[in-house]
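Just so you know, all these numbers are worked out from the coordinates, no wet-lab data involved. Because the structure is a prediction, the values reported are computed rather than measured. Cβ placement follows ideal geometry from the backbone for every residue including glycine, while neighbour counts extend to all protein chains displayed.
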Amino acid sequence: MTRNSELGTRTGHIVWLAALAAYILAGTALVPFHGDEATQIYMSRDYVYLFLDHDLNRVLYHPDPASPTEQHLRLLNGTLPKYLIGLAWHAGGLSPADLNEQWDWGADWHYNQQTGHAPTPERLQLARWSSALLLAAGAAPMFWLGWALGSRRAAYFASLYYALNPALLLNGRRAMMEGGVTLFSLLVVLTGVWWMKTLTPALSAAASGRGKSHRWLAAATLGLTAGLALASKHTALLTVAAVFGVTGGYSIYRWVKDSRAGTRSAAFLQVIMAAFIVAAVFLALNPAWWSAPLQMPGVVLQLRAELLQTQVEVFGGYAGLAEQIGGFWRQVFVALPQYYEVAGWETYIGDQITRYEASPWRGISVGGSATGGVLLGVMMVVGVWALLRGRGRTAARLVVGVWALVVIVATLVLTPLEWQRYYLPVYPAVGLLAAVGMDYVIQMLFSRRDATIKEEIT
């Protein structure tokens with residue numbers, strides 16, 4: 001490839017990703033409202049306490065807190081989204097004096113609107129940019145993961161699936177946690193692949209100073225992105241655990257197999273360093289954990305379990321594995337957008353749903369029906385088969401394969417009720433595997449066509 005053609009190719013990639021990002025951002029203002037957006041904006045008070053009032057004591061954990069509601073939400077939810085929401089409305093020129101209260105799910109729509117529990121339209125739109133911009137940025141790591149797994153064609157398929165997925169668009173555009181956790185989770189996987197690549201024999205045989213510095217940089221970046229993912233939403237733990245399981249396991253493998261003492265110990269130390277960076281970044285963004293960092297994971301798990309139990313009791317959960325599989329099928333492979341979870345909300349946001357559905361920005365359900373869901377599932381299975389047969393770089397196959405397995409199985413087994421946003425971590429994994437499958441099928445068809453033409457010529 002000449003230099004000019006290479007430059008043209010890179011420009012094409014940039015234009016493609018910019019177009020996908022523009023599509024994602026274009027529909028932000030039209031997304032139907034969700035009550036949890038009000039709660040996230042309410043929690044942007046922590047941005048005020050820390051960055052405007054410089055009052056650290058307001059966000060530290062207290063056995064007898066001044067605001068039990070704020071402390072409860074502070075422990076239960078990711079912290080990075082509320083800081084970014086606060087930054088968004090602050091940069092937009094709004095004052096903290098008019099922040100809304102937490103959405104009251106025990107009251108009706110009109111009560112929340114009339115008593116200051118709903119954000120103003122201007123504050124809501126500014127807050128949404130904090131998530132939508134991160135969601136749009138996620139198209140880039142999706143693209144490069146697709147490339148690492150297959151080819152340029154797989155990269156385009158994967159990033160297109162990501163940008164058109166109605167569930168990702170709906171939830172990632174809202175002023176909630178989903179845009180950030182999606183982006184940073186993908187970056188964790190991508191940096192895990194990067195670190196693994198720096199240890200491949202072709203890149204590390206010379207053990208040059210530059211190669212060593214790249215390995216340490218990759219490990220540090222892995223720790224940073226993992227810390228940001230966990231600070232965005234605690235469910236990113238599945239991705240972080242899967243990627244660190246692969247990188248940690250590989251570092252131990254290198255320790256046992258590599259005869260060069262310096263090289264084998266360096267890989268292990270890089271993973272340890274990355275783990276320390278994860279903890280440092282997460283704790284830096286979670287002052288409520290500072291007083292008892294070792295006890296807080298148990299507290300948070302208990303709060304999360306109590307929340308899920310309440311949701312199951314109120315809204316009804318799965319009765320068994322068969323229902324879980326059915327819900328997984330509908331929400332992951334058919335994947336029609338779920339605009340609300342509480343019955344009756346269609347009365348209040350029905351006009352918003354109609355406008356959004358009529359717009360070109362709603363996305364396209366690649367499954368969309370039982371038949372489409374089957375086709376998507378078949379392509380995903382073909383993608384798995386292609387990876388098992390050695391398609392794609394080894395580092396990418398290992399990291400993405402383990403990550404996809406962990407996220408898919410854990411989400412299937414652990415999700416207690418059919419709420420679409422609980423299935424969001426699965427979409428990128430399914431999209432990547434299906435993109436590899438489509439690329440593999442197309443390549444096989446081309447190979448068969450070329451073979452036929454060759455036979456006819458000879």
| query | Helix 121-137 versus the longest principal axis of the chain: what angle, 0 to 90°, nearest 10, using Cα atoms? | reply | 20 degrees
| task | Classify the range 3-457 as rounded, prolate or oblate, taking a ≥ b ≥ c as the square roots of the eigenvalues of its Cα gyration tensor: rounded when a/c is under 1.5, otherwise prolate if a/b is larger than b/c and oblate if not. | result | oblate
| said: Checking the cross-link filter: which aspartates and glutamates have an alpha carbon closer than 15 Å to that of residue 233, excluding same-chain neighbours under 8 positions apart? | reply: 36, 37, 178
| field | Selected from 116, 141, 32, residue furthest toward positive end of dipole (the chain; charges at beta carbon) | value | 141
| request: Note the angle between two axes, namely the Cα long axis of helix 394-414 and the longest principal axis of the Cα atoms of the chain, as a number of degrees from 0 to 90, rounded to the nearest 10. | output: 40 degrees
| task | Using the charge dipole of the chain (Lys, Arg: +1 at Cβ; Asp, Glu: -1 at Cβ; taken about the Cα centre), state which of 386, 434, 223 has its Cα farthest towards the positive end. | result | 386
| Considering only the other residues whose Cβ falls under 14 Å of the Cβ of residue 359, what net charge follows from Lys and Arg at +1 and Asp and Glu at -1? | +1
| task | Mind putting a number on the dipole of the range 1-123 about its Cα centre? Charges go on the C-beta only, +1 for Lys and Arg and -1 for Asp and Glu, and I need it in Debye to the nearest 20. | result | 640 debye
| message | For the range 214-361, what does the convex hull of the Cα positions come to per residue, in cubic angstrom? | response | 212 Å³
| said: What is the angle, in °, between the Cα long axis of helix 139-149 and the longest principal axis of the Cα atoms in the chain? Nearest 10 is fine, range 0 to 90. | reply: 30 degrees
| task | Loop sites only, by DSSP: take the trypsin sites (Lys or Arg not before Pro) in the chain that have at most 15 other C-beta atoms within 10 Å and name the longest stretch containing none of them. | result | 1-259
| request: Using the Karplus curve 6.51 cos²θ - 1.76 cosθ + 1.60 with θ = phi - 60°, work out ³J(HN,Hα) for each residue of the range 311-317 in order, rounded to whole Hz, and write x for Gly and Pro. | output: 4, 5, 5, 7, 9, x, x
| Net charge contributed by nearby residues that have their C-beta within less than 12 Å of residue 425 (K/R +1, D/E -1) | +1
| Computed helical MRE - 222 nm, the chain, DSSP H runs ≥ 4 contributing -39500 (n - 2.57), nearest 500 | -23000 deg cm²/dmol
| request: Would you work out the charge dipole size for the chain about its Cα centre, treating the Cβ of every Lys and Arg as +1 and the Cβ of every Asp and Glu as -1, and quote it to the nearest 20 debye? | output: 2500 debye
| task | Quick one: grab the alpha carbon gyration tensor of the range 1-111, order the square roots of its eigenvalues as a ≥ b ≥ c, and give me rounded if a/c is under 1.5, else prolate or oblate depending on whether a/b is larger than b/c. | result | prolate
| field | Calculated over the range 59-129: convex hull of Cα atoms, volume per residue (Å³) | value | 115 Å³
| Furthest towards positive pole of dipole, 308, 443, 329, structure part the chain, Cβ charges | 443
